[in-house]
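Engineer: Dumping the structure here so I can ask a few things about it.
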Amino acid sequence: MKAKFRFGLVLLPVFLAAAPCAGQALRGYTLTDLYAFEDTAETHLQVYQWLFFRLEPEAVRGVSLVAHMRYQGDSADDFSDSSAFRLQNLYLRWAGTPHLDLRLGRQFLFEGVGVGTYDVLRVNYRPRWGGLTLWGGLVPPAQRQAELRDIEANPAFGAAVRGAVRGVNLLGSYLREERDGDLYRHRAGLTAGYRLRDNLTGQARVQANLSGPEALHRASLQVRYGPATDVRLLGEFTIGTPWVPPDSPFEDIEFKTFQLVRASGAYQILPGYWLGLRAHTYLTQEVNATAGLFLEGPWGVVGYRQRFGDFGEENGAFGAASYRLARFAEAYFSADYSSYTFEDQEDREDQAAAQVGLRLVPVAPLLVDASLQGLNNPRYDSDIRGLLRVKWSF
């Protein structure tokens, strides 16, 4: 049985008016996006309205209410069927001591293998030796409706332990969740990080499936050098099996274990200017690799990439830059062009995308961002879209 609880964005003025007189501190912002475009059938004006706030009563130390909610709708159907309210986060937090943090409600977790949004009680204990996090509750609705699902059919719980042994930082984690009475994810993971020397770090990570045909979900080894010097280097090897949710239309497809090698490097040729190379390849019988050059500077980045192998080829260039017109105004531009072929295809196809915009901050709480976006590819000859974003902080 679902317990429903509705919230409205119209409550914001009430919070704003009540906060000073009730001895409460209210901080947050509203964000409005107006996204306009045309497709083959009709004209669209999509409206997205976000509200983020943190309410802290001054009389109770360490207590706060944190919320993140969103409304969306489309003028193509007069904001009827497309109109939807999403409750991304809503939780009560108590952090009255340096060692204990409690959170109850809908929240985003990033605890090793436990990554995602859940309706849970989260307990975070931070002793001198590291940290212990326990959480339990239920899986929220997929579309983040403001309602609670049946906890007997959608339970979720997990744990994470942090510590250090002989200079090695360790994180062990566990997750188990069900959806509609079926086991959805059941995993355990271990991450180890170590500083080999100044500016040189290494990290190893293993995540295992505790149920299902494939025991190994993902394992990786990463070595990073920099960025405190004029050289930045990164090398990473990853092996894993693609995870397909039980209710996915692709669950009957047998996916192979993949092995991925990724590397990047950059050198500071002048103060603030970096010249670099990025590349990655899959270790399979078929050749499939991508490599590219880039130049970063205070103004932005430009680069070139090439993909080659048995699955097709691609040559592409990209760039992004910004320029401050005045203290309160900044112009920006980005573009991407590629020419590519697919497997067993002789004719090449082209694709281009670009964006130009203006960002204004006329007063400290207000940000206005307007941009035009263009796309040209074999499917769309000329797709022009406009985005207006207004952010107000309080």
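The values are calculated or read from the model by the stated rules, or taken from the named source; none is laboratory data. For clarity, every value in this text was computed on a predicted model and none was experimentally measured. Virtual Cβ from ideal backbone geometry, glycine too; neighbours counted across all protein chains shown.
Engineer: Please name all residue pairs, on different chains or six or more residues apart, with Cβ atoms under 7 Å, provided the first residue is in the range 353-380 and is touching a residue at least 12 places away in the same chain (Cβ under 8 Å) and buried (at least 16 other Cβ atoms within 10 Å of the Cβ) and the second residue is part of a loop (DSSP other than H, G, I, E, B) and hydroxyl-bearing (Ser, Thr, Tyr).
Structural biologist: Asn376/Ser382
Engineer: Can you tell me which residue within the range 214-237, out of those that are under 30 Å from Asp180 (Cα atoms) and touching a Lys or Arg at 6+ places or on another chain (Cβ under 8 Å), is surrounded by the fewest Cβ atoms within 10 Å (Cβ to Cβ)?
Structural biologist: Taking the candidates together, the pick is Ala219.
Engineer: Please find, within the range 328-352, the residue that is surrounded by the most Cβ atoms within 10 Å (Cβ to Cβ) out of those that are of a type in the set (Asp, Glu) and either part of a loop (DSSP other than H, G, I, E, B) or outside the structural domain of Phe37 (by TED's automatic domain parsing) (or both).
Structural biologist: Glu343
Engineer: Would you please list the contacts, defined by Cβ atoms under 6 Å and residues six or more apart or on different chains, that run from a residue in the range 287-298 that is of a type in the set (Val, Ile, Thr) to a residue that is at pLDDT 95 or above?
Structural biologist: Qualifying pairs under 6 Å: Thr290/His280.
Engineer: Sticking with this one: Tell me, please, whether a residue that is in the same structural domain as Arg179 (by TED's automatic domain parsing), closer than 22 Å to Phe52 by Cβ, in contact (Cβ under 8 Å) with a residue 12 or more places away in the chain and exposed (fewer than 15 other Cβ atoms within 10 Å of the Cβ) can be found in the range 71-86.
Structural biologist: yes
Engineer: If you don't mind, there's one more thing I want to ask. Only one of these is without any contact (Cβ under 8 Å) to a residue 60 or more places away in the chain, within 30 Å of Ser83 (Cα to Cα), buried (at least 16 other Cβ atoms within 10 Å of the Cβ) and basic (Lys, Arg): Arg106, Arg149. Name it.
Structural biologist: When all the criteria are applied, what remains is Arg106.
Engineer: Glu286: charged (D, E, K, R), surrounded by 13 or more Cβ atoms within 10 Å (Cβ to Cβ) and modelled with pLDDT under 95, yes or no?
Structural biologist: Judged against the criteria, Glu286 is not a match.
Engineer: Is it true that Ser264 is at pLDDT 95 or above, on the phi < 0 side of the Ramachandran plot and in the same structural domain as Ser211 (by TED's automatic domain parsing)?
Structural biologist: So Ser264 passes the test.
Engineer: Which residue, of Gln46, Gln24, is modelled with pLDDT under 95, in the same structural domain as Leu138 (by TED's automatic domain parsing) and surrounded by 13 or more Cβ atoms within 10 Å (Cβ to Cβ)?
Structural biologist: Gln24
Engineer: When residues of the range 238-279 are filtered for being closer than 20 Å to His217 by Cβ and either of a type outside the set (Gly, Ala, Ser) or surrounded by 13 or more Cβ atoms within 10 Å (Cβ to Cβ) (or both), how many remain?
Structural biologist: 23
Engineer: Which residue is nearest to the chain's Cα centre (by Cα), if the candidates are limited to the range 109-122 and must be of a type outside the set (Ser, Thr, Tyr), surrounded by 18 or more Cβ atoms within 10 Å (Cβ to Cβ) and part of a strand (DSSP E or B)?
Structural biologist: Per the criteria, the residue is Leu109.
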